[in-house]
Amino acid sequence: MSQTPGDGKHRAQWASSLGFILAAAGSAVGLGNIWKFPGKAYNGGGASFIIIYIIIVAVIGTTAMLAEFVIGRNTQKNAVGAFRQLNKKFSWVGGLGVFTGFLIFGYYSQVGGWVIYYIVSYIVCPGRIFADPKLFFYEMLGQNGFPWLGAIICPLIFMGLVIFVITKGVEVGIEKINKILMPSLFVLLIILTIRSVTLPGAAEGLHYLLTPDFSKLNFNTVLMALGQAFFSLSLGMGIMVTYGSYLKKEENLVKNVGLICTLDTIVALMAGFMIIPAVFATGVEPGMGGGFAFVSLAGVFEKMPGGPIFGCMFYLLLFFAALTSAISIMEGTVAYVTEEKKMSRKKATAIIGVLTFIIGIFYTLSQLYASIKGIWFDFANGVTFPAFGDFLEFLTDRLLTPLGSLTFCIFVGWVWTTKKGIAEVERDGTYTFKLKKIWSVLVKFIAPLAILTILIGGMVFGLALS
Ligand code: PHE
């Protein structure tokens, strides 16, 4: 029986290889796959975007994921402890990741709460959603008063579930829940994809997804694919360092990276085949902005036979995806606090929960202010501040996660050295890492360069990366 981290001598470990793969895939498969990817694939030219995305995941995503796993498995520590052990001067690299996770967790649990609100609403009052999807969404955000349900109660339920799983520990909590939720997610995804592609008029959407239009491919779409790949694979926050640290020494890291990246990409592609044909078939305006999953999709479910049932299934799918990712985000921070600050797992989750919940409330409120009540702050005519929510997303998705991946790759490539990374993969000859030379070049040069391009592109040119 393995123990939870922070209990002293023993450290937690995944009970099985499959359990680890599902937990890491559960982290990777999240809101990013199901609602961000289809929109980007649509805007980025369909098949041509998909081809570029797959190449990026296969070449750069796998490289960066392996870099995180070797650090975690080698040190058997949380993100901060791991870097500190390998080189004292670099513990801030892990700290940056943990801090990013802390911020992301705040808004991820708010959106998770909204998803719960929609699951229930599709059962209880689908008619109200269909009557005016936009109004329904804004009411949840608190258009007519304080958003008790949207910003407090539903996110609290979501966060409570995450905390419940985390306090149960790695093997009994995280591993078990992923073993149940991930297969369920696949079943729902298959049902919804079949529903979508068999709708009359879906062929046009399928054609769009399957015929490459390279004229839509430009610097911006390639950057968009890069940013999406890093977010979707949960890279840059040390989560894969933490999950890798619970791995047994005899595990084959390269094989695991391959499987996790493949699973994550399959889910993203299936989500594309679930949403885009349905959008074409029902003639809904495919503007894929932030409110797409909550507002525009209502039009799709309204026109679809059995719409409310499929709507409910869709939000259940989103819920499973969001829950398993949120668990991983919180685990990254909890592992740090329990191990480095010697706090009990329960206390750590409670403190992190409260602090991130406060950040989250501001996120929802700012969405409301930004979208309907104008700007977030308006200091007497003139000085205006960007909406807090947009700022938070910009800070985490565009700035901190790429920065995290960049520093991880540079650390493994140049500071700790790829020689030690390869030795960790090969485990004294237990495995042969056939692609070790290629990986070295990728982790030292290609991945950092690519990430640097996303970072600069996102900041200086404000390219459409989200
Ligand atoms: N990969 C998750 C998704 O696709 C999001 C995430 C990012 C989770 C970073 C953990 C760390 O939604």
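The values are calculated or read from the model by the stated rules, or taken from the named source; none is laboratory data. Worth saying up front: this structure is predicted, and the values here are computed from it rather than measured. Methodologically, a virtual Cβ is constructed for each residue, glycine included, from the backbone with ideal geometry; neighbour enumeration extends over all protein chains shown.
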key: Any hit, region 137-156, residues being small (G, A, S) and modelled with pLDDT of 95 or more   = no
query = Within the bounds of region 118-130, is there any residue that is within 16 Å of the ligand (Cβ to nearest atom), touching a Cys at 6+ places or on another chain (Cβ under 9 Å) and either at pLDDT 95 or above or within 24 Å of M270 (Cα to Cα) (or both)?
reply = no
ask   = Which ones in region 292-350 are β-branched (V, I, T), farther than 24 Å from A41 by Cα and within 16 Å of the ligand (Cβ to nearest atom)?
value = I327, I329, T333, V334
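Go through the residues of region 434-442 one by one and say whether even a single one is buried (at least 20 other Cβ atoms within 10 Å of the Cβ), under 21 Å from G72 (Cα atoms) and in contact (Cβ under 8 Å) with a residue 40 or more places away in the chain.
Taking every residue of region 434-442 in turn, at least one turns out to be buried (at least 20 other Cβ atoms within 10 Å of the Cβ), under 21 Å from G72 (Cα atoms) and in contact (Cβ under 8 Å) with a residue 40 or more places away in the chain.
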message = Can you pull out every residue in region 212-237 that is closer than 17 Å to G26 by Cβ and part of a loop (DSSP other than H, G, I, E, B)?
response = L233, S234, L235, M237
note = Checked region 34-49 for anything touching a Gly at 6+ places or on another chain (Cβ under 7 Å) and either among the β-branched types (V, I, T) or within 10 Å of the ligand (Cβ to nearest atom) (or both); matches are F37
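Results for (1) surrounded by 22 or more Cβ atoms within 10 Å (Cβ to Cβ); (2) under 25 Å from the mean Cα position of the chain (by Cα), shown as yes or no for each residue.
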{"site": "A131", "(1), (2)": "no, no"}
{"site": "L135", "(1), (2)": "no, no"}
{"site": "F146", "(1), (2)": "no, no"}
{"site": "F158", "(1), (2)": "yes, yes"}
{"site": "L161", "(1), (2)": "no, yes"}
{"site": "I166", "(1), (2)": "yes, yes"}
{"site": "G169", "(1), (2)": "no, yes"}
request  = State all residues of region 218-271 that are surrounded by fewer than 24 Cβ atoms within 10 Å (Cβ to Cβ) and among the charged types (D, E, K, R); if no residue qualifies, say none.
outcome  = K248, K249, E250, E251, K255
request  = Confirm whether L31 is under 25 Å from E331 (Cα atoms), surrounded by fewer than 24 Cβ atoms within 10 Å (Cβ to Cβ) and within 12 Å of the ligand (Cβ to nearest atom).
outcome  = yes
Single residue of V267, V254 found to be more than 15 Å from the ligand (Cβ to nearest atom) and out of contact with any Gly (no Cβ under 8 Å at 6 or more places or on another chain) = V254
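Listed residues R128, R73, R84; which is among the basic types (K, R) and in contact with a Ser or Thr (Cβ under 6 Å, 6 or more places away or on another chain)?
Only one candidate qualifies: R84.
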remark   = Among (1) more than 21 Å from A450 (Cα to Cα); (2) within 13 Å of the ligand (Cβ to nearest atom), F20 falls short only on (2)
ask   = Are any residues in region 190-243 β-branched (V, I, T) and either modelled with pLDDT of 90 or more or within 16 Å of the ligand (Cβ to nearest atom) (or both), and if so, which ones?
value = I190, I191, T193, I194, V197, T198, T211, I239, V241, T242
